[in-house]
């Protein structure tokens, strides 16, 4: 009797937990299809109009509210975010992987200390990192723009890639590389044919993680973005300051969809290897 | 070194001169893994490096394959000094203890690896892979991945992969230690056959003396980074150069003492035991006598100057099928194992009960004597 009650309570707890986590997200997706332009909380019918609105097409709903002039800015922000994410992902994946390989292969003085320094950016408060980067860029006289955002993102995303690739390397048998050399392969061939295939899931995973984090970073980017380098999170933040408009729901839903696609791609690649 | 049995046919394939290798121990200080090691192996020879774990045998192998550099000394392969030559340019291949098969490659790609990275054309590659797989008996498993193979099959893939480049010398680092007993035994014989077919030199590392005795043309016994003895299995068994070799290979009891001359020469041990030995050993020397279980039998009824006599109490009589092993203890407390030959005098020993006092005899010309100076300790 007691046991059944306990089991039910546990079940209820599980449901409540999921509601707690996902209700806001489900709501935002639902609201993005609500045709009520005044109050999002009141359902007045299904519509795709908010999506048309953010893409700049005139609809019945936006005739008077008109967000259309900001569509160009939105697309520019998306473009900026994609440029930043693409460069950041490439640079941090290459450097993070190289760092992981170097620390795996060589033993040197103060290795632990060095490793600790690599973990630091992940636990450092974003706001501190953001301010520090801003002060640094200004003091060396570098103008803020996409470059500064890319450099800023790389400073902490290298750490993320490093951690993911290191975990993968830890499970690798050293003798695999020795076997390759023994059979006549030089270092480059050994890396390409033995080491890289082994760590590939980690490299891909680290790259996807870096891409997603770079795409939605707000706090650090806020400090180091220049006037013409508004990214998507900054743009949304700017919109919110002018009031919560239904279009924001549509933008959030699209971002959610995009993230899902990236994550599924990662899972698919991992399963295939 | 002393007792270096005659090498196989032809000039040496690999030579090691005065190899010294030291490691820094994790807790500080240095460990000498190889101490003035010299040896030469010839084409077609099966040579085993034998010794307890930590004796330096794997280090020696890694110095030959090029994964470690010597601190001093030299490795030569086919007469060419290998100092500064990286592993990928040495004409040797290795079968690793863990096999080290590439997990993401199929069997055929694993075996073909050595040909591919050295630029052998595709048609020749296919031919040679098929040939190597046939030699190790793995036809039909070309498309499998390593994790779909049994331990024995993986072992064969590792072997096929290592012989595909036709090395001058094949190094095998305890390749059988992960297999179960039965498989291990059949693989020992197969390896020996394969080595004979290929005609290349195998340098085989093991800590299992039985394995070494079964497979080798010559055995190199290593201890604490030094060579104790190099010789054929028979030489090591019958005439060990040091007490370490005598204890490490085969069963037997060792008695150390001073040689006493006269008409009935003997070794007298510290606790007063007197063991008759062969004639012609200078008196006063410190010697160790090795008594193998099969050298002992029941003492003949009549006194005979050709025999030495020991008295011992039977502790246990263990049945082994074809033979029986008697575990005895001398008055001094030393243990002695006896495997009497069945029939004749031995039958008496077969019927003995634990607690009986046995009169045992050995032909005094038979037991091997080791001079103390050779102990190197």
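The values are calculated or read from the model by the stated rules, or taken from the named source; none is laboratory data. In this text the structure is predicted, and so the values were computed from the model without any measurement. Cβ atoms come from the backbone with ideal geometry, glycine included; neighbour counts cover every protein chain shown.
Identification of helices (runs of 4 or more DSSP H) wholly contained in the stretch A:117-214 with 2 or more residues that are within 22 Å of residue A:86 (Cα to Cα) yields A:126-139, A:146-170. Residues that are under 15 Å from residue A:32 (Cα atoms), surrounded by 12 or more Cβ atoms within 10 Å (Cβ to Cβ) and free of Cβ contacts under 8 Å to residues at least 60 places away in the same chain within the stretch A:237-273 comprise A:248, A:255, listed in sequence order.
Entry remark, the stretch B:75-128: residues being in contact with a helix residue (DSSP H, G or I) (Cβ under 6 Å, 6 or more places away or on another chain), in a strand (DSSP E or B) and away from chain A (no Cβ under 14 Å) number 1 in total.
So which residues in the stretch A:163-188 are within 19 Å of residue A:99 (Cα to Cα) and within 11 Å of chain B (Cβ to nearest Cβ)?
From the stretch A:163-188, those within 19 Å of residue A:99 (Cα to Cα) are A:163-174, A:177, A:187-188; that's our starting set.
Result: A:171, A:172, A:173, A:174, A:177, A:187, A:188.
Considering each of A:107, A:192 in turn, give the residue that is within 11 Å of another protein chain (Cβ to nearest Cβ), more than 30 Å from residue B:164 (Cβ to Cβ) and surrounded by fewer than 18 Cβ atoms within 10 Å (Cβ to Cβ). If you could, list the steps in order and put the result at the bottom.
Numbers: A:192 fails: more than 30 Å from residue B:164 (Cβ to Cβ).
Just one listed residue meets the conditions, A:107.
The criterion of at least 1 residues that are modelled with pLDDT of 85 or more is met, among helices (runs of 4 or more DSSP H) falling completely within the stretch A:8-111, by A:49-54, A:71-105. Right, residue B:67: under 20 Å from residue B:187 (Cα atoms) and either in contact with a helix residue (DSSP H, G or I) (Cβ under 6 Å, 6 or more places away or on another chain) or more than 14 Å from chain A (Cβ to nearest Cβ) (or both) or not? No, not satisfied.
Just so you know, in the stretch B:138-156 the residues that are without any contact (Cβ under 8 Å) to a residue 24 or more places away in the chain and exposed (fewer than 14 other Cβ atoms within 10 Å of the Cβ) include one that is farthest from the other protein chains (Cβ to nearest Cβ), and it is B:140.
For the stretch A:1-43, name all the residues that are over 29 Å from the mean Cα position of the chain (by Cα) and closer than 18 Å to residue A:248 by Cα.
If we filter the stretch A:1-43 for residues that are over 29 Å from the mean Cα position of the chain (by Cα), which is where we start, we get A:1-13, A:35-39, A:41-43.
Selection gives A:35, A:36, A:37, A:38, A:39, A:41, A:42, A:43.
Those helices (runs of 4 or more DSSP H) of the stretch B:160-249 in which 1 or more residues are within 14 Å of another protein chain (Cβ to nearest Cβ) and without any contact (Cβ under 8 Å) to a residue 60 or more places away in the chain are absent. Limited to the stretch B:40-62, what total is found for residues that are within 13 Å of another protein chain (Cβ to nearest Cβ) and under 22 Å from residue B:114 (Cα atoms)? Number satisfying all stated conditions: 2.
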